[in-house]
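Have a look at the structure below, then the notes.
The values are calculated or read from the model by the stated rules, or taken from the named source; none is laboratory data. Because the structure is a prediction, the values reported are computed rather than measured. Quick reminder, even Gly has a Cβ in these numbers, built from the backbone with ideal geometry, and neighbours come from all protein chains shown. Ligands, DNA and RNA are excluded from the accessible area calculation, which covers all protein heavy atoms including side chains. Shrake-Rupley method; radii C 1.70, N 1.55, O 1.52, S 1.80 Å.
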Amino acid sequence: MKKKRYIIIALILSAAAIIYSAAAFTVPYNGPTLDEFFRYARDPDVENILSDMTLEEKTGQMFMGCFYNGTPSAETVNEYHLGSVLLFGASFDKTDRHELSVRLDALADTALPPLIAVDEEGGTVTRVSGNPGFRSSAFKSPRTLYRKGGIDAIIDETHEKNALLSSLGINLNLAPVCDIASDPDAFMYSRSLGQNARTTSEFVSRVTEACLSDGIACALKHFPGYGNSSDTHKGTAVDKRSFDTIKNIDLKPFEAGIQAGAPMVLVSHNIVTAIDRKLPSSLSPACHKLLIQDMNFDGIIITDDLSMGAVSNRMSTEENALAAVLAGNDMLCTGEYKKQYEAVLNAVNNGIISEDRIDRSVRKILKLKIELGLADTGAGSSISGIPAYTKEAKQQ
């Protein structure tokens, strides 16, 4: 037992050393530390829920479990206290609306219901509408819709998309894509809007507003902008453009989405050398400081899938989880949630990560869950105007 504990501590210290040895980054930073910056005003409803949670429950809230091959069970969600689950195409294949609703209703009846998420961007990424059992045709890409009818056409389909997701009990769409890609051979080209920073910013702002008005949470991705980088599913992708270029182009759509009230930002695994010369953005404290301090984002920061090659090839599964938490992420998107949950929990129990650090992230997750009606406060309505999710509303 002692040997296992020493191995875990060694992994944790190794991850921490990797992160902080890469502290030299191009963007000057003289602001407050993350500890100082995260002193948000306490919300009574959030604090009431948080005060009754165990460390195990709080740690589990920081994980978005990826279920590549089917729909998770309520038992799995409860065992690991998962804060969110991400469904893929397999959840919608060989099933129908009724069967899926029964499965998702079971998740809604867990102790603290998870955010139920999908990637339903339209075009090449259509986890739900790509299955004819859920829609007669897949949602079109924003790029295609824009060519046919401008942003208005995108918003019309966004509302239709949100209605479909809501009817199934899905309350989080990992969209819109804020990336600006100009190279037709680039990985993100077909998924991007295909317009300049100004038009892309308007698109992001209006899609965010449409999602919030429909009671669907959204996530801006892939911060700080994917650009023309290669596929991070397969391996390392490096963006060597200047910070001025990134600031004046790539960050603009994210700024627009944040101002529109987006509750979540998803961080890519790209190495953006103008921000951090060594670490993927998802594991970079510098990148998170940029998002939090300079861009005033106080919502949930989530990693891209930690099983992707750009990060999984760098460190062990456990080290990646600890590096992600130490960098400033609030939620870890991962198919390895079982191992990584244990690694983070052990790190807290061994004093490597403070429980206060966990609490900071969980406060933000609970806030969103209250807004979506997933956490019972007795008030019955949302804080920010997002309609509370109910089974009755889903059936309409």
For the stretch 105-159, which positions are more than 17 Å from residue 171 (Cα to Cα), crowded, with 18+ Cβ neighbours inside 10 Å and free of Cβ contacts under 8 Å to residues at least 24 places away in the same chain? 138, 139, 140, 145
Single match in 375, 379, 347 (criterion: closer than 18 Å to residue 84 by Cβ, among the hydrophobic types (A, V, I, L, M, F, W, C) and either assigned to a loop (DSSP other than H, G, I, E, B) or at pLDDT 50 or above (or both)): 375
May I ask you to verify whether residue 236 is modelled with pLDDT under 95, under 27 Å from residue 84 (Cα atoms), outside any strand (DSSP E or B) and under 19 Å from the mean Cα position of the chain (by Cα)? no
Residue under question is residue 68, and the condition is that it be touching a Lys or Arg at 6+ places or on another chain (Cβ under 9 Å), of a type in the set (Phe, Trp, Tyr) and in contact (Cβ under 8 Å) with a residue 60 or more places away in the chain; does it hold? no
Suppose we filter the stretch 48-73 for residues that are of a type in the set (A, V, I, L, M), in a helix (DSSP H, G or I) and open to solvent by 20 Å² or more (accessible area, probe 1.4 Å); how many remain? 2
Of those in the stretch 244-299 that are among the small types (Gly, Ala, Ser) and within 19 Å of residue 232 (Cα to Cα), the residue surrounded by the fewest Cβ atoms within 10 Å (Cβ to Cβ) is 274
Which one of these is assigned to a loop (DSSP other than H, G, I, E, B) and under 19 Å from residue 193 (Cα atoms): 140, 161? 140
Residues satisfying the stated conditions in the stretch 158-185, i.e. hydrophobic (A, V, I, L, M, F, W, C), touching a helix residue (DSSP H, G or I) at 6+ places or on another chain (Cβ under 7 Å) and more than 15 Å from residue 226 (Cα to Cα): 168
Residue under question is residue 187, and the condition is that it be at pLDDT 95 or above and of a type in the set (Phe, Trp, Tyr); does it hold? no
For the stretch 112-156, which positions are within 30 Å of residue 364 (Cβ to Cβ), in contact with a strand residue (DSSP E or B) (Cβ under 7 Å, 6 or more places away or on another chain) and not β-branched (Val, Ile, Thr)? 114, 115, 117, 119, 120, 121, 127, 129, 139, 142
Can you tell me which residues in the stretch 350-362 are open to solvent by 20 Å² or more (accessible area, probe 1.4 Å) and outside any helix (DSSP H, G or I)? 350, 351, 352, 354
